[in-house]
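What follows is a set of notes on a single structure, which appears directly below.
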């Protein structure tokens, strides 16, 4: 076991670096550089670009046109993510030269799509749409469904920014359906986010939050830091629209910290604009102007006119409130000037004409495929629509009532039902609903990341005001409908925290038991077949309390000690401890069906405790890497089959 504590760094990346150094074969060396660049693409843009530039030198020396096209393309893509738009556009044009020489239609289409994204960032929607409509027939010609779906999503964003939200949702749903069918979960999360954003602008906040949460859980389970940041920022904007400004600021700052880690300047300008607006609505004018001016500076550097438009509008309102009428007038003029340049009648007509021209030249084979598959799914939707219990927690009734009032949206109603029939599969892939831990704790991770399908236990967390609850539900036997229990418990916890600011772990478990007993006729799961454990954190008191036989360890930074917190299964007495900044909580959730997982007499808790005693003084990142490696070893060597999960919480 000691072997695993040597590797504080990423073993995969280390092996690639070794391969890069040792290989004299140019093809193998290029492949190692390419994989290294991709490995860093979500965590460090600068490091990723460094490896791409090294690959570029090799491609030039070999005069390999495909390599040259690929490297220029990827450098352009990374520069775009950094916010260096002019440089990114030039690199993409370089890539286009080599791809056209090779006649690689797929790569040419991808470059046009990425160029369209840059024009969209600048608010040049006509040029953006031209690029997207150049890419779309190329993807169709090579029958690349994922590429066609990607472009459909981007066209939807053009309509979104032009405030044609129903048209945008049409394209976003096309994108969602294709990626659900191909199980491309990262793209599924992106589609969910876009649909949520459109519903938010249409004023359907409950449905919007539902889609945002699905996207957030999916990004979190995939460990896509950028996606988690974007969704938190969007949820903050949603809370601002609901006039819940404290919650809005909390989510925006979670996003800002992640964007700073990624050095994503385009996103930093966007989130600072949102923070400024939330402070403005709280009458904190000095703080609001500070963040709006920060956003303005970055947006001017990057020529982000859409963001500048909103910044000037908000600044004008603040100056007017402060009776600074000259400043208010000047910023309002700037707002009107940019708004008119972004969206006027001529621009709107050009957007419409460009799409009509494309439609008349050639119907999208991909969109036809979507429609055909969708028609088949409509018939399937009628068969399975009776399974109504899946939607108990979802806000489907509001959507259905609205859609039924509009005869022209009958197709959309069917499509919406089809999407919600896929919620169960997405829930299984999106982890354990631990989003609530983000409010009061610095970091957390669940290892393994995803539950074993059919695993007879789950964790979920809800946070309201100063309280965070962690709930573990453990089954005494296997059931097929644990997703229902998960959704119900999530809703019940929210209800309970809404009703009271002062609760105990025992009250939580008693309440969940009672609600499960009430609903047993629907789920066919008796509350007597379940073991419920709850852990409660009070942020005001900095205290953790819990009840039930739990496997919990507390690493005390001040005392440099780690202790297992004892609790008996039959006692009603609550246990607890006080936390300090820098402390760690380790929570072991495991199947009650597998008390002795190994062939030996040593259970999982004892093995974990030995590991934690060697590890708890290490950094959070080192703990994450080592425990992942250790868990992989346990699963492969002892056939544990992921019937346990280790939750690490950093205070």
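The values are calculated or read from the model by the stated rules, or taken from the named source; none is laboratory data. Computed from a predicted model, the values in this text were never measured in an experiment. Please note: Cβ atoms are built from the backbone with ideal geometry, for glycine as well, and neighbour counts cover all protein chains shown.
Report yes if some residue within region 466-479 is surrounded by fewer than 17 Cβ atoms within 10 Å (Cβ to Cβ) and either at pLDDT 65 or above or under 21 Å from the mean Cα position of the chain (by Cα) (or both); otherwise report no.
Yes, region 466-479 contains at least one residue that is surrounded by fewer than 17 Cβ atoms within 10 Å (Cβ to Cβ) and either at pLDDT 65 or above or under 21 Å from the mean Cα position of the chain (by Cα) (or both).
Return only the number of the condition from (1) in a helix (DSSP H, G or I); (2) modelled with pLDDT under 90; (3) closer than 28 Å to residue 261 by Cα; (4) touching a helix residue (DSSP H, G or I) at 6+ places or on another chain (Cβ under 6 Å) that residue 86 does not satisfy.
All conditions pass for residue 86, except number (4).
Which of (1) within 13 Å of the chain's Cα centre (by Cα); (2) surrounded by fewer than 19 Cβ atoms within 10 Å (Cβ to Cβ); (3) more than 23 Å from residue 151 (Cβ to Cβ) does residue 232 not meet, given it meets every other one?
(2)
Would you say residue 243 is touching a helix residue (DSSP H, G or I) at 6+ places or on another chain (Cβ under 9 Å) and not in a helix (DSSP H, G or I)?
In short, yes.
Does residue 279 meet the test of being free of Cβ contacts under 8 Å to residues at least 40 places away in the same chain, under 26 Å from residue 209 (Cα atoms) and either surrounded by 22 or more Cβ atoms within 10 Å (Cβ to Cβ) or within 28 Å of the chain's Cα centre (by Cα) (or both)?
Here the answer is yes, as residue 279 does meet what is asked.
Criterion first (closer than 29 Å to residue 341 by Cα and out of contact with any strand residue (DSSP E or B) (no Cβ under 7 Å at 6 or more places or on another chain)) does residue 119 satisfy it?
Criteria met by residue 119.
Please count how many residues of region 8-32 are more than 28 Å from the chain's Cα centre (by Cα), modelled with pLDDT under 75 and surrounded by 12 or more Cβ atoms within 10 Å (Cβ to Cβ).
Here the count works out to 5.
Could you tell me how many of the residues in region 610-641 are more than 21 Å from residue 443 (Cβ to Cβ) and at pLDDT 75 or above?
So the count comes out to 1.
Residues to consider are 56, 96; find the one that is under 30 Å from residue 300 (Cα atoms), modelled with pLDDT of 90 or more and touching a helix residue (DSSP H, G or I) at 6+ places or on another chain (Cβ under 9 Å).
96
Against the condition modelled with pLDDT under 90 and under 30 Å from residue 298 (Cα atoms), how does residue 37 come out, does it pass?
So residue 37 fits the description; yes.
In region 246-263, is there at least one residue being closer than 15 Å to residue 299 by Cβ and modelled with pLDDT under 95?
The answer is yes, given that some residue of region 246-263 is closer than 15 Å to residue 299 by Cβ and modelled with pLDDT under 95.
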